[in-house]
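J.: Please read through the structure below; I'll follow up with questions.
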Amino acid sequence: MQKSKRKLSSRKYSYTSLSILSLILIVGIVPLVVRLKAVPLEGASAAFKVGQEVNADFFSYYKMVWFIVFTSIGTAIFLIKYFFYENIYIKKTNIYYPMIVYTAFVILSTIFATHRDVALQGFMDRYENMYVLIGYMLCLLLAINMIDNEKQVKYLLYTLGVSSIILSVIGIFQYAGYDLFASDFGKSLIVPSRFADSMDSMKFQFGGSKRIYGTLFNPNYVGVYMSIIFPLSATMLILAKDVFTKVFFGIVSILSLINLFGSGSRTGIISLGLYIVLLIVIFRSLIIKRWKASLVIIALLGGLFYGANQYTDGLLQKRLLAVKDSIGTVQVNSLKDINLEDNRATIAIEDYEINISYDDEGYHFKNENNDDLEITEKENKITFAEEPYNQHVFTKYVYEGTPLLRSQIRTNIGWRNFDLVVDDGEFKFLGSKGELSDLEKAPSWGFKGRERMASSRGYIWSRSLPLFKDTFLLGYGPDTYALHFPNDDYFGKLIGMSRINILVDKPHNYYIQTGINTGVISLIAVLAIFFMYIVSSIKLYIDKKDYGNLYETAGISIFFAVCSYLMVSVLNDSVISVAPVFWILLGTGIGINIKLKKERIENK
């Protein structure tokens, strides 16, 4: 043992910027990668794109590829430096234990996954497969142990800043109506030459929407990314002492804030409130001491929000008020039930029913008392004479040789449209993929009357949480959420999502996503990582009076960024576009905390 200690103490440690090149490349390049990949639709994923043989992916596939490549290179450098050159050491921290637990359950959930092919390759447009999730833990490990000095932190943060500036500039042009990816030049950059003939027909979902999607596909992901970048850069601006650092992170702060507001991400905007609260709690004395910088931040927040809100004709204000209303208001849908039994269909609406039957003579309509309803039929469209039945419309069609009744039901929150098909004399519900369904209701938990809360997250969560009973030990497998969510819960979708043909491929909640994909135990392990880091950060920074160097400033700045990401993750998922940046920053923050704690003990 003494020999081992002498060997350890005789090592010459080397923590160069080159040794963390892979981490620098991940935070600098991966979020910017946009390139068309025609991914063949095979196995379980094919059922979600009926009639398509390939899925055109621009924003996730190659991000996944380059993330795995850079992580593999970084891991190889780490192993070589540790075992062969012996010029780094493994820092002591209990965070390794939950990291190991999480990684083990990622692997086990993949091995026992029903859809192992998806767990290994990733679901279309997402690609957070087993290798990516393990890669997150490797990045966390590398950042903890390979970043050990101010120069390395400086290179990492400046690279992240430059990358965010590039992304922000692209986003600002999109906001102004000049989308790079809609131009011929932009398309030539992201579309391989063999697909050149198809460039003119290529359009992005959020293109021209007055919402910034940058290089991250979805404006919500821009909101998540900028909710990391702004607290990080704004804190660096407040605490930095040299002019260049202040100017640089001041620019990053302004651009990231414009993009945060321009994305229209309500969660990202709300995260600013958490940041302000943390600033007040941690910087109680520094706020007064550096009041000028604090006022600049407050003025920047207010001014840019006002400008962005005016530019979008009040869209930001409307979206924020909609969140408040959806959370605070219970709104039970007046459509109570749809029941199919043999040749009869019952549609229950508030305190009355429309009972439909079908026989050789055609459709028959009765009320809840089994009395015939007086109908008018014109050009196959059926309407009613009596109130309240006259609010609803039914239209007769033929579907693949069988009778189809298109139902348009007026509810207290808008029209609900669905098709009923008569198959061998029995009513069936026509599903979103053209399948005939008996319309079984999925189990639900909570959110009654709040299904439409936060853009239907209430509905998604209420149908996701019951899945936990099957995933306590092992999850369904990485990135397999969409294959296990009850997407055939058509009645639930009519209540909570307005229409049935919406594919729910993500829970819009990182914690639910983890609990279902890799299991509740893996979720507990991840929460333990976050808890241990937050506790150590609070102990280090809560009473700190001064930040003497960039290393300490980076530590508290990263803490704010991590907390912001964890908050927005309540309403957003983990995605390959943003998550690598988070895990590397988290690892950097943990490594900084370990070193600062050691220095504090030594100085006592």
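The values are calculated or read from the model by the stated rules, or taken from the named source; none is laboratory data. Treat the numbers as computed from the prediction; the structure is a model and nothing was measured. Quick reminder, even Gly has a Cβ in these numbers, built from the backbone with ideal geometry, and neighbours come from all protein chains shown.
J.: Go through region 282-310 and report how many residues are among the polar types (S, T, N, Q), within 23 Å of I542 (Cβ to Cβ) and without any contact (Cβ under 8 Å) to a residue 40 or more places away in the chain. Lay out the reasoning, then the answer.
T.: Let us first name the residues in region 282-310 that are among the polar types (S, T, N, Q), namely 285, 294, 309-310.
Applying the additional criterion that residues be within 23 Å of I542 (Cβ to Cβ) yields 285, 294.
Restricting the remaining residues to those that are without any contact (Cβ under 8 Å) to a residue 40 or more places away in the chain gives none.
So the count comes out to 0.
J.: Another question about this same structure. Among the residues of region 378-409, which ones are surrounded by fewer than 16 Cβ atoms within 10 Å (Cβ to Cβ) and of a type in the set (D, E, K, R)?
T.: K378, E379, K381, E386, E387, K396, E400 - these are the residues of region 378-409 that are surrounded by fewer than 16 Cβ atoms within 10 Å (Cβ to Cβ) and of a type in the set (D, E, K, R).
J.: Still on this structure: Could you grab me the full set of residues in region 454-480 that are part of a helix (DSSP H, G or I) and of a type in the set (S, T, N, Q)? Spell out how you get there, then give the answer.
T.: To start, the set of residues in region 454-480 that are part of a helix (DSSP H, G or I) comprises 454-470.
S455, S456, S462, S464, listed by residue number.
J.: Determine whether A176 is out of contact with any helix residue (DSSP H, G or I) (no Cβ under 6 Å at 6 or more places or on another chain) and of a type in the set (G, A, S).
T.: So A176 fits the description; yes.
J.: Additional query: Kindly indicate whether I165 is modelled with pLDDT under 95 and surrounded by fewer than 22 Cβ atoms within 10 Å (Cβ to Cβ).
T.: Details: modelled with pLDDT under 95: no; surrounded by fewer than 22 Cβ atoms within 10 Å (Cβ to Cβ): yes.
When the stated conditions are applied, I165 does not pass them.
J.: Kindly indicate whether any position in region 29-45 is β-branched (V, I, T), in contact (Cβ under 8 Å) with a residue 60 or more places away in the chain, more than 16 Å from R126 (Cβ to Cβ) and in contact with a helix residue (DSSP H, G or I) (Cβ under 9 Å, 6 or more places away or on another chain). Quick ask: steps written out before the conclusion?
T.: Step one: of region 29-45, the residues β-branched (V, I, T) are 29-30, 33-34, 39.
Subset that is in contact (Cβ under 8 Å) with a residue 60 or more places away in the chain: 29-30, 33-34, 39.
In the following step, the residues that additionally are more than 16 Å from R126 (Cβ to Cβ) were identified as 29.
Retained after the next criterion (residues that are in contact with a helix residue (DSSP H, G or I) (Cβ under 9 Å, 6 or more places away or on another chain)): 29.
So far as region 29-45 goes, yes, one or more of its residues are β-branched (V, I, T), in contact (Cβ under 8 Å) with a residue 60 or more places away in the chain, more than 16 Å from R126 (Cβ to Cβ) and in contact with a helix residue (DSSP H, G or I) (Cβ under 9 Å, 6 or more places away or on another chain).
J.: Restricting attention to region 75-114, and to residues there that are β-branched (V, I, T) and over 16 Å from N145 (Cβ atoms), which single residue is modelled with the lowest pLDDT?
T.: Taking region 75-114 as the starting set, the residues that turn out to be β-branched (V, I, T) are 75, 77, 80, 88, 90, 93, 95, 100-101, 103, 106-107, 110-111, 114.
Remaining after also requiring over 16 Å from N145 (Cβ atoms): 101, 106-107, 110-111, 114.
Details: V101: 98, V106: 98, I107: 98, T110: 98, I111: 97, T114: 94.
That would be T114.
J.: Restricting to region 283-295, and then to whatever is in contact with a Ser or Thr (Cβ under 9 Å, 6 or more places away or on another chain) and in a helix (DSSP H, G or I), can you tell me which residue is farthest from S233 (Cα to Cα)?
T.: Top of the filtered list is I288.
J.: Could you check region 395-429 and list, in sequence order, the residues that are farther than 16 Å from N343 by Cβ and among the hydrophobic types (A, V, I, L, M, F, W, C)?
T.: V398, I409, I413, W415, F418
J.: Right, here's the next one. Being modelled with pLDDT under 90 and under 30 Å from G250 (Cβ atoms), is that true of even one residue in region 197-206? Break it down into steps so the answer makes sense when it comes.
T.: Quick first cut of region 197-206, residues modelled with pLDDT under 90 only: 197-206.
From what is left, the residues that are under 30 Å from G250 (Cβ atoms) are 206.
Looking through region 197-206, at least one residue is modelled with pLDDT under 90 and under 30 Å from G250 (Cβ atoms).
J.: Is it true that R194 is within 25 Å of S569 (Cβ to Cβ) and basic (K, R)?
T.: Values: within 25 Å of S569 (Cβ to Cβ): no; basic (K, R): yes.
Spelling it out, it is not the case that R194 is within 25 Å of S569 (Cβ to Cβ) and basic (K, R).
J.: Evaluate the following for D543: is it in contact with a His (Cβ under 9 Å, 6 or more places away or on another chain) and either closer than 21 Å to R284 by Cα or not aliphatic (A, V, I, L, M) (or both)? Outline the logic, then answer.
T.: On the way: in contact with a His (Cβ under 9 Å, 6 or more places away or on another chain): no; either closer than 21 Å to R284 by Cα or not aliphatic (A, V, I, L, M) (or both): yes.
No: the conditions fail for D543.
J.: Look at region 47-60 and say how many of its residues are modelled with pLDDT under 75 and under 21 Å from Y481 (Cβ atoms). Quick ask: steps written out before the conclusion?
T.: Residues of region 47-60 that are modelled with pLDDT under 75, as a first pass: 47, 49-51.
Among the residues that remain, those that are also under 21 Å from Y481 (Cβ atoms) are: 47, 49-50.
So the count comes out to 3.
J.: Sticking with this one: Can you spot a residue in region 122-138 that is in the same structural domain as T235 (by TED's automatic domain parsing), over 24 Å from L483 (Cα atoms) and crowded, with 16+ Cβ neighbours inside 10 Å? Spell out how you get there, then give the answer.
T.: Taking region 122-138 first, the residues in the same structural domain as T235 (by TED's automatic domain parsing) are 122-138.
Imposing the further condition that a residue be over 24 Å from L483 (Cα atoms) reduces the set to 137-138.
With crowded, with 16+ Cβ neighbours inside 10 Å added as a condition, the list becomes 137-138.
Scanning region 122-138, I find at least one residue that is in the same structural domain as T235 (by TED's automatic domain parsing), over 24 Å from L483 (Cα atoms) and crowded, with 16+ Cβ neighbours inside 10 Å, so the answer is yes.
J.: Now, a different point. Scan region 333-356 for residues that are buried (at least 16 other Cβ atoms within 10 Å of the Cβ) and on the phi > 0 side of the Ramachandran plot and report the count.
T.: So the answer is 0.
J.: Which of the residues spanning region 323-343 are modelled with pLDDT of 85 or more and either assigned to a loop (DSSP other than H, G, I, E, B) or more than 32 Å from the chain's Cα centre (by Cα) (or both)?
T.: At the first step, the residues of region 323-343 found to be modelled with pLDDT of 85 or more are 333-343.
Across region 323-343, the qualifying residues are N333, S334, I338, N339, L340, E341, D342, N343.
J.: Show the residue pairs that are 6+ apart or on different chains and have beta-carbon atoms under 6 Å apart, the first residue being within region 74-88 and touching a residue at least 40 places away in the same chain (Cβ under 8 Å) and of a type in the set (S, T, Y), the second being surrounded by 15 or more Cβ atoms within 10 Å (Cβ to Cβ) and in a helix (DSSP H, G or I).
T.: Every condition considered, the pairs that remain are T75/L138.
J.: Go through (1) in contact (Cβ under 8 Å) with a residue 40 or more places away in the chain; (2) within 23 Å of the chain's Cα centre (by Cα) one by one and return the number of the condition I107 breaks.
T.: The one condition I107 does not meet is (1).
J.: If you don't mind, another one. Every residue in region 175-207 that is under 24 Å from D313 (Cβ atoms), in contact (Cβ under 8 Å) with a residue 60 or more places away in the chain and outside any helix (DSSP H, G or I), please.
T.: The one that is under 24 Å from D313 (Cβ atoms), in contact (Cβ under 8 Å) with a residue 60 or more places away in the chain and outside any helix (DSSP H, G or I): F204.
J.: Of the residues Y541, Y511, only one is over 30 Å from V33 (Cα atoms) and of a type outside the set (G, A, S); which?
T.: Numbers: Y511 fails: over 30 Å from V33 (Cα atoms).
Answer to the check: Y541.
J.: Residues R211, R194: which one is more than 18 Å from L156 (Cβ to Cβ) and surrounded by 13 or more Cβ atoms within 10 Å (Cβ to Cβ)?
T.: Details: R194 fails: surrounded by 13 or more Cβ atoms within 10 Å (Cβ to Cβ).
So the residue among R211, R194 that is more than 18 Å from L156 (Cβ to Cβ) and surrounded by 13 or more Cβ atoms within 10 Å (Cβ to Cβ) is R211.
J.: A further question on this structure: I need the full set of residues from region 160-203 which are closer than 20 Å to K63 by Cα and hydroxyl-bearing (S, T, Y), in order please.
T.: S163, S164, S168, S188, S193
J.: Among the candidates L420, L483, single out the residue that is buried (at least 21 other Cβ atoms within 10 Å of the Cβ), within 23 Å of the chain's Cα centre (by Cα) and not in a loop (DSSP other than H, G, I, E, B). Break it down stepwise before answering.
T.: Working: L420 fails: within 23 Å of the chain's Cα centre (by Cα).
Going through L420, L483 in turn, the sole match is L483.
J.: Shifting gears a bit: Just to be sure I understand the filter: pairs with C-beta atoms under 8 Å, separated by 6 or more residues or on different chains, first member in region 250-274 and outside any helix (DSSP H, G or I), second member surrounded by 20 or more Cβ atoms within 10 Å (Cβ to Cβ) and of a type in the set (S, T, Y). Which pairs pass?
T.: Close Cβ pairs (under 8 Å, with a partner that is surrounded by 20 or more Cβ atoms within 10 Å (Cβ to Cβ) and of a type in the set (S, T, Y)) amount to S265/S227.
J.: So, one more: Checking the conditions here, which among S256, S271 is closer than 13 Å to F560 by Cα, in contact with a Ser or Thr (Cβ under 7 Å, 6 or more places away or on another chain) and crowded, with 20+ Cβ neighbours inside 10 Å? Reasoning before the result, please.
T.: Working: S256 fails: closer than 13 Å to F560 by Cα.
Exactly one of S256, S271 is closer than 13 Å to F560 by Cα, in contact with a Ser or Thr (Cβ under 7 Å, 6 or more places away or on another chain) and crowded, with 20+ Cβ neighbours inside 10 Å, namely S271.
J.: Where residues in region 219-253 are aliphatic (A, V, I, L, M) and over 23 Å from N309 (Cα atoms), which of them is surrounded by the most Cβ atoms within 10 Å (Cβ to Cβ)?
T.: Start the filter on region 219-253 by keeping residues that are aliphatic (A, V, I, L, M), which leaves 222, 224, 226, 228-229, 232, 234, 236-240, 243, 247, 251-252.
If we keep only those that are over 23 Å from N309 (Cα atoms) as well, we get 232, 236-240, 243, 247.
Numbers: L232: 30, M236: 25, L237: 23, I238: 24, L239: 22, A240: 20, V243: 8, V247: 12.
Here the residue is L232.
J.: Let me ask something additional. Which of the residues spanning region 352-377 are touching a strand residue (DSSP E or B) at 6+ places or on another chain (Cβ under 9 Å), in a loop (DSSP other than H, G, I, E, B) and within 16 Å of N390 (Cβ to Cβ)?
T.: The answer is N367, E368, L373, E374.
J.: Does L439 meet the test of being within 27 Å of G496 (Cα to Cα), in contact with an Asp or Glu (Cβ under 8 Å, 6 or more places away or on another chain) and either of a type in the set (V, I, T) or surrounded by 18 or more Cβ atoms within 10 Å (Cβ to Cβ) (or both)?
T.: On the way: within 27 Å of G496 (Cα to Cα): yes; in contact with an Asp or Glu (Cβ under 8 Å, 6 or more places away or on another chain): no; either of a type in the set (V, I, T) or surrounded by 18 or more Cβ atoms within 10 Å (Cβ to Cβ) (or both): yes.
In short, no.
J.: Next question, about the same structure. Which number in (1) touching a helix residue (DSSP H, G or I) at 6+ places or on another chain (Cβ under 8 Å); (2) crowded, with 22+ Cβ neighbours inside 10 Å; (3) assigned to a helix (DSSP H, G or I) marks the one condition that E451 misses?
T.: Single failed check for E451: (3).
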